[in-house]
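Every number in this text was worked out from the coordinates using simple rules, so none of it is lab data. Since this is a predicted model, take the numbers as computed values, not measurements. No Cβ is skipped: glycine too gets one built from the backbone with ideal geometry, and neighbour counts run over all protein chains shown.
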Amino acid sequence: MAGRINDDDVKAVRDAVPIDAVVSDYLQLRNAGGGNLKGLCPFHDEKSPSFQVSPSKGLFHCFGCQEGGDTIAFVMKIDHLTFSETVERLAATAGITLRYEEGGYNPSHQRGERIRLVEAHKIAAQFYTEQLEKSAEAQTGRAFLADRGFEYAAAQHFGVGYSPQGWDHLTRFLRGKGFSDKELILSGLSQDGRRGPIDRFRGRLMWPIRDISGDVVGFGARKLYESDNGPKYLNTPETGIYKKSQVLYGIDLAKKEIAKTRRAVVVEGYTDVMACHLAGETTAIATCGTAFGGDHIKILRRLLMDNATAEVIFTFDGDAAGQKAALRAFEDDQKFAAETSIAITPGGMDPCDLRLAEGDEAVRKLVETRTPLFEFAIRQVVTRHNLETPAGRAAALDEAAPIVAGIKNIAIQHESAVQLAGIVGILDTQFVVKRVAQLARWARDRGGRGPAPASSRPGGDRQNQPHAQAAPTTGSGPAINLRSPAHRTERELLKLALQHPGLVSPAFDAYGVDEFTAPPYAAVRQTIAEAGGAEQGTADSSGYLARVRDAAANDSVRAMVTEMAVEAIHSKTVDETYAGTQLVQVRLRAVDRRIGEVQGTLARLGQQADPERHTAVQNELWVLQQYGQSLRNHGAAAL
């Protein structure tokens, strides 16, 4: 049984490995002020950074899920290691030799299982690269790489290797390094044969798959010989250290550039990643034999910091399979705060083929000439219908309008609705714009779950009153748009109303619930109203927040109130000027939304409408426009 690691050595490991350096291997950190760093918590799904690191104290803490501790605790939690395994890994990084107090130090037997599996993969990767470099048999592999434009230096950079054709070359090599047959089977490097373990990979080019910290956790193996009856690509099976849905090939090389440039390029294969990196697009990554999914998105979100200016670019072949993959990727678009785009390779070529045929510049141009993913999805849907007939145009609109309604950026959503009208061939652009707006509103009201059934859709003039005090529909989950300036401003105004009610009163209390477009924010606004309004906070600040929390309709709303009550205001100077700006922005957006609705009503009425009705609507439009202009000219003084 392994002995206990010497306490002085544990302390030496803690002191030697900076916590910010370790955490930065897993997520993007930025300055949080006061010497601290912040990022998106890797232990729970969140939309704004609540995870903070204190390099001076060697500690981390998440204000969202309450996880915290030192460097060792962080690695234990994120990589699911024991205490000893974690200390051993960090000690290896720092070059510290550990002492064990019961029985001394035995490097072969006193390490945890995960550490042993990672070490086996590290040695296997070295074995494979040496085979590619020195083995005469590996000439087939070297020729394969050369035919695809990869010199040996490129193979070295990516750690590409070669597995010999024999039955147990690697197995015998690892046995000689002290690994047991059980460890070799558990690692996925070997498999059961008739007379014991044999090599899983034989006669193939080998790409090491590393996790985000740089440890080799698996391999992707490419068939080279016709006599090989296996699949074209054979990956490591699921093991204790390799989960294909949780790894991205090339992430160890690309992570710093992804965090720096706020951009990631998702390609489909190992050679595509190599081609992109060698062409200068060093943010390229690929999945490992599986579709791009939710766990992959979480990895990228932590690196991109959920920045609305960030971008994820997918590259797909222009064939039917590529188009299907692109549409599948679009289904996950809402999980990103980043913009998503697609780059269609010409002539069905992948980036590797493109580089070989036309050079590095063509690969860079492919990435730069990308198209927004939602635009691609719209055009793919529309082309399924016969636009020469009214029925075909109507069917195309029915299918494409929900896609446009799902676009997160409201300005782009509006422009895309206008564009959709032109693509489909519907002359009444306002009809399409209003249709999209309705679908988007229904989706928000239902917590982002898409349009409501016809029988439950809201109707009547109450929907169009910007100051109506109807209770909000909260849905089962928050429909908060990570990229919406409107939602950011609404959140900031609510935080001011909870933390500094005197700065927004009494104007805030005249705001309607429906001026807050995210259902959770509307619910908080309703809760403040039911607690007596923000003005009550100026008279009784000590009991104000308690009353608001007590007035919450459920635990979800109460949690949102608490969160906003403690979250920092996004301004160094919190004064009447800043508060007035938030008040004006929320009101102005509500006025602009109402102006759009009234303009739509006028367009539908046409010149044949009842004169009194037409005049009334025109007068309302004029009043709203004048009010909006006054807000723009005079700010909070016009409220």
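Worth a mention:
- Protection proxy ranking, highest mean first, for peptides 552-558, 256-262, 268-274: 268-274, 256-262, 552-558, where packing is the per-residue count of other beta-carbon atoms within 10 Å, averaged.
- Of all DSSP beta bridges in the chain, antiparallel share, percent nearest 5: 70 percent
- Spatially close lysines, pair count over the stretch 113-242: Cα under 22 Å, gap of eight or more or interchain: 7
- Inter-label distance, Asp509 to Gln618: 4.0 nm, where each label sits 7 Å from its Cα along the C-beta direction.
- Order of Ser341, Ser245 under a 10 Å beta carbon neighbour criterion, fewest first: Ser245, Ser341
- Estimated FRET transfer efficiency (Thr383, Tyr233; beta-carbon r; R0 30 Å; 0.05): 0.40
- Among Tyr627, Tyr521, the order by Cβ neighbours within 10 angstrom, fewest to most, reads Tyr627, Tyr521.
- Adding -39500 (n - 2.57) for every DSSP H run of four residues or longer, then dividing by how many residues the chain holds, sets the calculated 222 nm ellipticity at -15500 deg cm²/dmol.
- Shape category assigned to the chain from the gyration tensor of Cα positions, a/c cut at 1.5: oblate
- Pairs with C-alpha atoms separated by more than 21 Å, drawn from the list Lys38/Lys298; Lys244/Lys298; Lys38/Lys256; Lys260/Lys572; Lys495/Lys572, are Lys260/Lys572.
- Lysines with Cα under 21 Å of Lys11, excluding same-chain neighbours fewer than 8 positions away: Lys57, Lys77
- C-alpha long axis of helix 251-261 to longest principal axis of the chain, angle in °: 30 degrees
- Between helix 485-499 and the chain there is an angle of about 80 degrees, using the helix long axis and the longest principal axis of the Cα atoms.
- The angle separating the long axis of helix 320-331 from the principal Cα axis of greatest extent in the chain is about 60 degrees.
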